[in-house]
Amino acid sequence: MHEPKFYEYAIIRLVPRVERHEFLNVGLILFSKEAKYLKARTSLNEEKLSCFDSELDLQEISQNLQSFSAVCSGHKSGGPMAHDDLPSRFRWLTAMRSSSIQTSRPHVGSSRDLDATFERLFKEMVL
């Protein structure tokens, strides 16, 4: 049986109007240094989002959200940061920002199956 691996995760949030402090959870990033694991996924619920602000550029938001996965996977579309080591990528992705796309503070846990944990957290926190 696999030994439990420690992990950190953060929720990706869309903050349509920063001054109102309202947000919609739109993604998840999960990182485990010891397992060399870094994964992100996003899901933009346009119907929920329209309750916050109907004038948002959904195409631009979708493109920006795709960059989280590109950085995690090391894809060249993730820019220079996608070539850094996994811990540096996670720290960069979860750095505090005042823009319309932000992340929660990282939370910690342990898991024997990081993929299953990712799926559970994504379902609970985002969908």
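Can you give me the long-range amide H partners of residue 13? Hydrogens built in the peptide plane at 1.01 Å from N, cutoff under 5 Å, separation of 5 or more residues or another chain.
Placed amide hydrogens put 26, 102, 103, 104 under 5 Å from residue 13.
Under 12 Å from the Cβ of residue 28, count the other residues' Cβ atoms, weight Lys and Arg +1, Asp and Glu -1, and hand me the total.
Details: positive: 13, 39, 41, 120, 123; negative: 8, 119, 124.
Around residue 28, the charge tally is +2.
Hey, what do the phi angles of the range 87-102 turn into as Karplus ³J(HN,Hα) couplings, whole Hz, using 6.51/-1.76/1.60 and θ = phi - 60°, x for Gly and Pro?
For the range 87-102, the Karplus-derived couplings read x, 5, 4, 4, 4, 5, 5, 9, 5, 4, 9, 10, 7, 7, 10, 9 Hz, x marking Gly and Pro.
Which of the lysines could a cross-linker bridge to residue 48, judged by Cα under 27 Å and excluding same-chain residues fewer than eight apart?
Partners found: 39, 123.
Collect residues whose amide H, placed 1.01 Å from N in the peptide plane, falls under 5 Å from the amide H of residue 22; neighbours closer than 5 in sequence don't count.
17
Could you work out the helix-only [θ] at 222 nm for the chain, with each DSSP H run of four or more residues adding -39,500 (n - 2.57) and the total divided by the number of residues, to the nearest 500 deg cm²/dmol?
Details: 4 runs with 43 residues, N = 127.
Mean residue ellipticity at 222 nm (helix-derived): -10000 deg cm²/dmol.
Mind listing the phi-derived Karplus ³J(HN,Hα) values for the range 115-127, rounded to whole Hz, using 6.51, -1.76 and 1.60 with θ = phi - 60°, and x for any glycine or proline?
So the J values, rounded to whole Hz, are 5, 5, 5, 4, 4, 5, 5, 4, 5, 6, 9, 10, 6.
If each of residue 113 and residue 22 carries a label point 7 Å out from its Cα toward its Cβ, how far apart are those two points in nm?
Distance between label points: 3.8 nm.
Through the Karplus equation 6.51 cos²θ - 1.76 cosθ + 1.60, θ set to phi - 60°, convert the phi angles of the range 56-71 into ³J(HN,Hα) values in whole Hz; use x for Gly and Pro.
Working through the residues one at a time gives 6, 8, 5, 5, 5, 4, 4, 4, 5, 5, 4, 5, 4, 5, 5, 5 Hz.
In whole Å, what three semi-axes, largest first, describe the equivalent ellipsoid of the range 5-125 built from its Cα gyration tensor (square root of 5 times each eigenvalue)? Walk me through the numbers on the way to the answer.
Values: eigenvalues 120, 53, 31 Å².
That gives 24, 16, 12 Å for the three semi-axes.
With a 10 Å Cβ neighbour count serving as the proxy for reagent exposure, in which order, fewest first, do 28, 58, 114 appear?
On the way: 28 26, 58 11, 114 21.
Listing 28, 58, 114 from fewest to most nearby Cβ atoms yields 58, 114, 28.
Have a look at 75, 28, 38 and report the one farthest towards the positive end of the charge dipole of the range 5-125, computed about the Cα centre with Cβ charges (Lys/Arg +1, Asp/Glu -1).
38
If I stretch the segment between residue 96 and residue 3 completely, what's the gain in nm (0.36 nm per residue apart, minus their alpha carbon distance), one decimal? Show your work: numbers first, answer last.
On the way: separation 93, 0.36 × 93 = 33.48 nm, distance 3.20 nm.
So the extension gain works out to 30.3 nm.
Taken together, the values in this text are just the output of simple stated rules run on the coordinates, not laboratory data. Since we're looking at a predicted model, the values are computed, not measured. All Cβ positions, glycine included, derive from the backbone under ideal geometry; neighbour counts span all protein chains shown.
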